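J.: Here's a structure for you.
The values are calculated or read from the model by the stated rules, or taken from the named source; none is laboratory data. From a predicted model like this one, the values you see are computed outputs, not experimental measurements. Cβ placement follows ideal geometry from the backbone for every residue including glycine, while neighbour counts extend to all protein chains displayed. Just so you know, the surface numbers come from the protein's heavy atoms only, side chains and all, with ligands and any DNA or RNA stripped out. Shrake-Rupley method; radii C 1.70, N 1.55, O 1.52, S 1.80 Å.
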Amino acid sequence: MIEIKGVKKNFGDIEAVRELSADITEGKVYGLVGTNGAGKSTLLRMAAGVLKPEEGKILVDGEEVFENPHAKEKICFIADTGWFFPNATPESMGNFYKIAYPAFDRKRYQRMLEHAGLPGRRKLRTFSKGMKKQVSVLLGVCANTKYLLCDETFDGLDPVMRQAVKKIFAAEMVDRDFTPVIASHNMRELEDICDQVGLLHGGRILFSENLEDMKFHMQKVQCVLPDKAREEELLRELDVLQFSHRGTLLTFVARGTNLEVVRAVESKNPIFAEALPLTLEEIFISATETAGYEVDRLFEP
Amino acid sequence: MVMNFIDRFKSIRGTDQGRPGERKISFARLLLWDIKERSWLLALILVVALVVYPAGSLMVIQLAASGRGEMPGEMLLKVRKSAAISYLGLTGGYYYFFILAAALLAGISGYVYLEKQDRSDFFLSLPMRRERYFFVPCLSGWLIVICPYLVSLLLAVFPVCASQGVFSGALAAGVFRAAAFNILAFSAVYSLVLLAMVLSGRMLIGTLLSVFLLFYGVCLGGLNELLCSFFYKTWYSENYGENIFWFSALTVPSYFDRAPLKTVAVLLIYTGLALWLAVFIYRKRPAETAENSLTFPGTAPFLKTAVAIPVGVAGGFLLWILVGQSEGLMGWFLFGSAACAFIANGVFEFVMAPDIRNIARHWISGLVVLLGSVLIPAVFCFDLLGYDTWLPDKSRIEAMAVSEDFAAMELANCDTLNGHYDREAEGGSVSQESLWLRKNLVEDFDGIYELAELGVREAAEPSDAAGEETMCSVRILYKMKGGGMRIRGYQIPLEETGEALGKMSSTVDFRNKYYPFGQMDPERYNRIALSRWEDPLGEYAENKITLDAEQRLKLLEALDADSRRIDLLEARESSPLYVISFYFDYDDYEEYTKVHQGFDLMDVVSEAYVYENYENTRACLEELGLPAKADAACRVKGAWCWSESSQEALAAFAERYGLSDYEKLLDGGIFFSGGTEVEALLETVERVKRRNGGSEAGTMDFGLYFQIKGAGESEDYETNWAVKLSDPENFAKLVEEIA
């Protein structure tokens, strides 16, 4: 397990991460979502032992990770802008990973390169951004570390490759002790793959929960109520994260179980009421708006 | 059992990080990988080293033999061997260039990954301690330079030197001893480049920082030397380069010939300290500083101050030189210094953050720069620290010494002609003079202190007297009771030195150290010649006799006993009977070439006066059959006469005595041809031991240069005299006639 305990990191005057605590449990895909500048990359860099937290600590299986090779052996970090040696080929990068991560499975890496249609001996500098990302992911997976930290790794991958990577992750988790941590803006992708999600905003974690639990405790409802007074009453009674009107149609996201929210709506004798499936993106937007990050205010003059 | 052993071994290796049996990242494999990644540098250095060493040494050995076809074979081989060892050894500008270029390339290419965040993150996320990873590019860079160097040196020593017939065990030993030193010198420079790289992480800033670390000491020392010599009247340069701890790893190797152990120690200190600091900073270096100009931005103001102030002062000094460098123009120095420092401040800020708006950043350090750039020139211009007027209380001084040439000019001329006894081995450099002063400290220093007081007074309030004829220069070493040593150079009016000289010459300690005929090494000469003081035939070659060891020692003992007994001030005013010239004959050509590049195979070591009351010496000379009877035949072919006084003094003299064509006495002199003319000339002049009278003292200084025909089969030779005029009127008439 990766335990993040009261971690703080500043870059000069900028507070990148503020007293952040979360646990990343083993055997689950952890998704790290957040606004731009929320501190996702900083958190991953700290978890990879690259950055030293100013306060708090990050423990990997009970050991502090910074300047601890034993803890770092369990982690492979794929940065958002993956770096390769000048003139490197996928094959030569595999050779380097074999040195850096002795458990690196070179044969498997070769096979995966072939399956992905990536030429092993072509210079990486001639690859497209997406192809480079694929190579990074394959290197990370084949490093055979317990934790794989991917920063914006899915950006730039084509949908087929994205699905393939998801499958690889799933297969890895079945085969061995493997915990991927994926930071991304792309909620749709994370929604499909993540078991647990940490939502970062302004250097703080708004929540870190199991995705299913999150969906269980947050509901999206669309309804038409007989009058304005009942509508206001309903919004007061519920812990509403977000709501909008389209004519008389009220759409809102509120905390609570499906039963609790539906009962509250039904108590107002709605003319029409319907529970809608809640996406991760909607959860993200609702939660961040509650935390003061409103889309409408973003570009206000 | 074997398997058990292997398992145990694996287990032991695995416990490196606390967990038995796990496979760890391999340092050696990372090292090889890094070398492979930088194979372009390896190839480049190999090509350069092959050109410089095997090809270069072949060329040098062959060139050494060219144009020496008439030289005996054995001698030619020696010349070729000497060329090989000097080329493959330590010397040569290319050597410093090679070290600097290789260190910069290896250091910067190894740590350039720190420049970009993605690269930095990649390496810092590897499961390895930072200090351990630091040594991967560090060691690989070192190997990338050293391996090709050693390979090409081996090729130069064995196939090349062997094929040219100059190989020997001594050559190989010499070359590899030099190589060991070169490797150490490279390591020192390289480790400073690494320090610069971890302090910055950026290629450009790292290069500039390397240059700063490598040259700052030299530049600062040079600037200080320049300013002191320009502005302090009593400044004495102790050859600032001797203080090798002050200087950079790049310049220190040049001291190896003079102080090998000290140089090696200094280089080891440089290497160790720079590496330790580099590792320390690398460990502490926050990963987020990638792409910053400096690892610790807080160091920028200090660096800027360290760079901008000397740049400003140097610029101001240059401006002051350009506008005329007079004391009344000191304001230009101060203004120029402040202006240049201001510009340097802006340039520094711009280099650190290339945005014109940033040049006003760090304004507090900017103010310090401005203040420093005005204050430091002011210290020099107005002697704010009282350098020139410094004179410690006698109670604080343990011992003092006065310069050899002063003692020689003002006192030693009493007993020697040229004022030096046995100094050739020490050479004439400034540093040698300071060594000489250190060796000749006297504790009974009242006379020297008196000289120092005169010097300080003259520096504070210069007298009207000026010029070589009325002033003498003197260097004085103060050894303080705390152990410190200081040397000052003074200008003192000659006429005021009498009392001090009297005190000095009456001190036993001073006489023992400053008139040390007893200390002269008998091995330093093997022949002597004796000439009469008033005989222009001088130290004629046919009069030389060879002395055995016993005779040499005996003569020196006699001279020492006699010269200590006489009153030096009295002797200064009287004329000796004879002059003994001590020679060293170099019979061995090779021995000779080690000492000289010159023309004569015979070297005058020293010359001593023999006064009438030198009883011991005269008895000793008599035993040796001296003085030999001079050849009665007049062999003086002629004499050049020229003036050593100033043009103004000579013009006044010419007007007074009706001499019209006096300028010839300044430009090359007038030639008195044949015995009769020379005889007439000698009646108007008197040979003197020193030239310090001049027109101010009522005398004129002239030089005579006699051309003398050798007796029998001997070659012609010359003799040089200093004279003053005993009969100026007739001298003027004679000159008028001849001219």
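J.: Whole angstrom only: what separates the Cα centroid of segment A:173-223 from the Cα centroid of segment B:270-307?
T.: A separation of 41 Å, based on Cα centres.
J.: Calculate the mean, over all residues of peptide B:116-124, of how many other protein chain Cβ atoms lie within 10 angstrom of the residue's Cβ. Spell out each step's value before the answer.
T.: Working: counts 2, 6, 6, 5, 3, 13, 11, 3, 8.
That works out to 6 on average.
J.: Another question, if that's okay. Where does helix A:129-142 land angle-wise versus the long Cα axis of chain A, in degrees 0 to 90, nearest 10?
T.: So the helix axis and the longest Cα principal axis differ by about 80 degrees.
J.: How large is the accessible surface per residue of segment B:109-209, computed with a 1.4 Å probe and reported in Å² as a whole number?
T.: Details: 2990 Å² over 101 residues.
Spelled out: the 1.4 Å probe surface of segment B:109-209, per residue, equals 30 Å².
J.: Please compute, for peptide A:67-79, the average count of beta-carbon atoms on other protein chains lying within 10 Å of each residue's beta-carbon.
T.: Numbers: counts 6, 4, 12, 7, 2, 8, 9, 1, 2, 3, 5, 2, 7.
For peptide A:67-79, the averaged partner shielding equals 5.
J.: With no solvent and one point on each alpha carbon, what is the Debye value of log10 I(q)/I(0) for segment B:290-371 at q = 0.21, 0.22, 0.26, 0.27 Å⁻¹?
T.: Summing over Cα pairs of segment B:290-371 leads to -0.86, -0.91, -1.13, -1.18.
J.: A follow-up question, please. Sorted by packing (mean other beta-carbon atoms within 10 Å per residue), highest first, where do B:667-680, B:551-564 land?
T.: B:551-564, B:667-680
J.: Follow-up question, since we're still on this one. Determine the residues within segment A:91-110 where the difference in accessible area between the chain on its own and the full set of protein chains amounts to at least 10 Å²; count protein heavy atoms only and use a 1.4 Å probe.
T.: Residues passing the criterion (a loss of at least 10 Å², heavy atoms only) are A:S92, A:N95, A:F96, A:Y97, A:K98, A:I99, A:A100, A:Y101, A:P102.
J.: Dipole of segment A:131-273 (Lys/Arg Cβ +1, Asp/Glu Cβ -1, origin at the Cα centre): which of A:V224, A:V174, A:V197 lies farthest to the positive side?
T.: A:V224
J.: Rounded to the nearest 100 Å², what's the accessible area chains A and B bury against each other, both chains counted, probe 1.4 Å? Before the final figure, lay out each step's value.
T.: Working: alone 14880 and 36300 Å², together 48270 Å².
Using a 1.4 Å probe, the pair buries roughly 2900 Å².
J.: Rounded to the nearest angstrom and ordered from largest down, what semi-axes does the equivalent ellipsoid of the protein assembly as shown get from its C-alpha gyration tensor (root of 5λ)?
T.: Values: eigenvalues 1582, 255, 109 Å².
Semi-axes (√(5λ), whole Å): 89, 36, 23.
J.: Sorted by mean Cβ packing within 10 Å, highest first, what order do the peptides B:214-222, B:327-335 take?
T.: On the way: B:214-222: 17.1, B:327-335: 15.4.
Listed from highest to lowest mean packing, they are B:214-222, B:327-335.
J.: Considering only C-alpha atoms, what is the centroid distance from segment B:317-392 to segment A:257-284, in Å?
T.: Centre-to-centre (Cα) distance: 76 Å.
J.: Ignoring ligands, DNA and RNA, what percent of the accessible area of the protein assembly as shown is carbon or sulfur (1.4 Å)?
T.: Heavy-atom surface of the protein assembly as shown belonging to carbon and sulfur, 1.4 Å probe: 57 percent.
J.: Restricting attention to the alpha-carbon atoms of segment A:205-256, what are Rg (one decimal) and Dmax (integer), both in Å?
T.: Computed over the Cα atoms of segment A:205-256, radius of gyration and Dmax are 12.7, 39 Å.
J.: Hey, another quick one. Taking only protein heavy atoms into account and a 1.4 Å probe, give the accessible area per residue of segment A:14-118 in Å². Before the final figure, lay out the partial values.
T.: Working: 3830 Å² over 105 residues.
Value returned for segment A:14-118: 36 Å² of accessible area per residue.
J.: Turning to a different aspect of this structure: Determine the alpha carbon to alpha carbon distance for each of A:K8/A:K166; A:K52/B:K284; A:K98/B:K36; A:K98/B:K116; A:K5/A:K133; A:K133/A:K166 and list only those over 21 Å.
T.: Numbers: A:K8/A:K166 31 Å; A:K52/B:K284 10 Å; A:K98/B:K36 15 Å; A:K98/B:K116 24 Å; A:K5/A:K133 31 Å; A:K133/A:K166 14 Å.
In this structure, A:K8/A:K166; A:K98/B:K116; A:K5/A:K133 lie more than 21 Å apart at Cα.
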